[in-house]
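Here is the structure we will look at, set down as structure tokens.
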Amino acid sequence: MRNVRQTNVNIHRDSWVEINIGNLAHNAKEIRKNVPSDTKLLAVVKADSYGHGSVMLAPTLLASGFDMLGVASIDEGVDLRNAKINAEILVLGAVPVWAVETAVQEDISIPVFSDAHLEACRQAFLRTGKKPKVHVKIDTGMNRIGIGYDKAIDFIKKVQSSDFVDLKGIFTHLAAAEERDETQIQIDRWNNVISNIDTTGLLLHIQNTVGTMCYEVPLSNMRRVGIALYGLYTDMPDDNKGFRPDLKQVISLKGRIVHIHDAQDGAGISYGHTYRAKGTRTIATIPIGYADGVSRGLSNKIYGVLNGHKVPQVGNITMDQMMFDITGVEAEIGDVITLLDEDNSIDEWAKILNTINYELTCRLKVRLPRVYTR
């Protein structure tokens, strides 16, 4: 199967992102089999599925054992609804009070953690006759958004007594799941809140991707999984307790050679001449640059694969193009250089840039068409 995502992007370029839906299904099933069957799973598809394309991937995730979808904003949820995705959708980030009515109309659940949110829900109910679906967000230590854990019990009871909302769940977010001591503090705060309220019929979720793999929290019945679905690992506790699924990277990045020429000894390549040829070198150019999300900080530090051979990227990565030293490799214009795939992980780029792998997948811009394969 081979599809191109239907978006308003320029697809007349010899460069693209390739998404392996078969690998996505494999990863989802790997995670599902390691989680108790009576525990629900929410697939995090925010930021366009971390740059992979949420509309195209959501059906596979739902068919592979996941029960809900998590997005960052109402707009992301609306995109899924416009694509006829009918699953339960939860916004994980803060929702503007003026946008609550849209969430109601689109059947999207939202987080609440303030009296202003409750009043906006009441107003939306009066206007639409429909109760907003809500999850109470508790701040147990992330210090980002949420009702403080010391105020959460009273607030939850207030929400439960409000006849203009449909309370679906309660959740919090782990700030440092790779640190067991820090995480246990958050779990203890969570347990104190949950054990002091009536949770009948509610979804209770605290574990994120690492939490799903490394922590058992009896007072929870749903887990939220993000980056692992896309075949990428994140930091884990040093003790290695928990399960580590066999993941396959979903994303690849490829470009076709648009120009080949010989650079003579001493010739500088690209802006600033940060690379100079030692002897005569064969240089190939592909149309991928930092405007596509490949950081200029990777210049002269990464490689591609051309006809089975590793070839180093040389010279500064420019806005729309980059060059490779393909000396000794038989190639012609139109041949493909692969920058990322299962054998050339984006984790290596993340190490070079001292960042996390999913920041980099999110950077790969929409002007790179997505090609979906299975």
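So the values come out like this:
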{"item": "Surface accessible to a 1.4 Å probe, per residue, for the residues of region 245-345, Å²", "result": "45"}
{"item": "Arg127, Arg13, reordered so the largest accessible area comes first (probe 1.4 Å)", "result": "Arg127, Arg13"}
{"item": "Approximate spin-label separation Lys278-Asp246, in nm, with each point projected 7 Å along Cα-to-Cβ", "result": "4.1"}
{"item": "In Å, descending, principal axis extents of the Cα set of the chain", "result": "77, 47, 37"}
{"item": "Stretchable slack from Arg32 to Asp188, in nm (0.36 nm times residue separation minus alpha-carbon distance)", "result": "53.6 nm"}
{"item": "Computed label-point distance, nm, for sites Asn143 and Asp107 using a 7 Å Cα→Cβ extension", "result": "4.1"}
{"item": "Where GluC sites (Glu not before Pro) fall in DSSP loop in region 96-152, at most 13 other Cβ within 10 Å", "result": "none"}
{"item": "Sites Arg367 and Ala63, calculated FRET efficiency, Cβ-Cβ separation with R0 22 Å, nearest 0.05", "result": "0.15"}
{"item": "Cα-based Kirkwood hydrodynamic radius, region 140-197, one decimal, Å", "result": "12.3"}
{"item": "Accessible area of region 272-374 belonging to carbon and sulfur atoms, whole % at 1.4 Å probe", "result": "47"}
{"item": "Using a Förster distance of 41 Å, the FRET efficiency for Ala72-Thr327 (Cβ separation, nearest 0.05)", "result": "0.35"}
{"item": "Solvent-accessible area per residue, Å², over region 47-125 with all protein chains present [probe radius 1.4 Å]", "result": "37"}
{"item": "Chain lengthening between Lys301 and Asn221 when straightened (0.36 nm per residue, less Cα-Cα)", "result": "24.4 nm"}
{"item": "Relative contact order, percent, region 125-194 [alpha-carbon distance under 8 Å, six or more residues apart]", "result": "37"}
{"item": "Gain upon complete extension [His309, Phe164; 0.36 nm per residue less C-alpha separation]", "result": "45.9 nm"}
{"item": "³J(HN,Hα) computed for each position of region 90-105 - Karplus, 6.51 cos²θ - 1.76 cosθ + 1.60, integer Hz, glycine/proline x", "result": "10, 6, 8, x, 5, 10, x, 4, 6, 9, 4, 4, 4, 4, 5, 5"}
{"item": "Per-pair calculated FRET efficiency, R0 = 25 Å: Thr338 and Gln264 via Cβ, rounded to 0.05", "result": "0.35"}
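The values are calculated or read from the model by the stated rules, or taken from the named source; none is laboratory data. Note that the coordinates shown come from a computational prediction; the quantities given were computed from them, not determined experimentally. Cβ coordinates were reconstructed from backbone atoms using ideal geometry, including for glycine residues, and neighbour counts include every protein chain displayed. Side chains included, ligands, DNA and RNA excluded: accessible areas come from the protein's heavy atoms. Shrake-Rupley method; radii C 1.70, N 1.55, O 1.52, S 1.80 Å.
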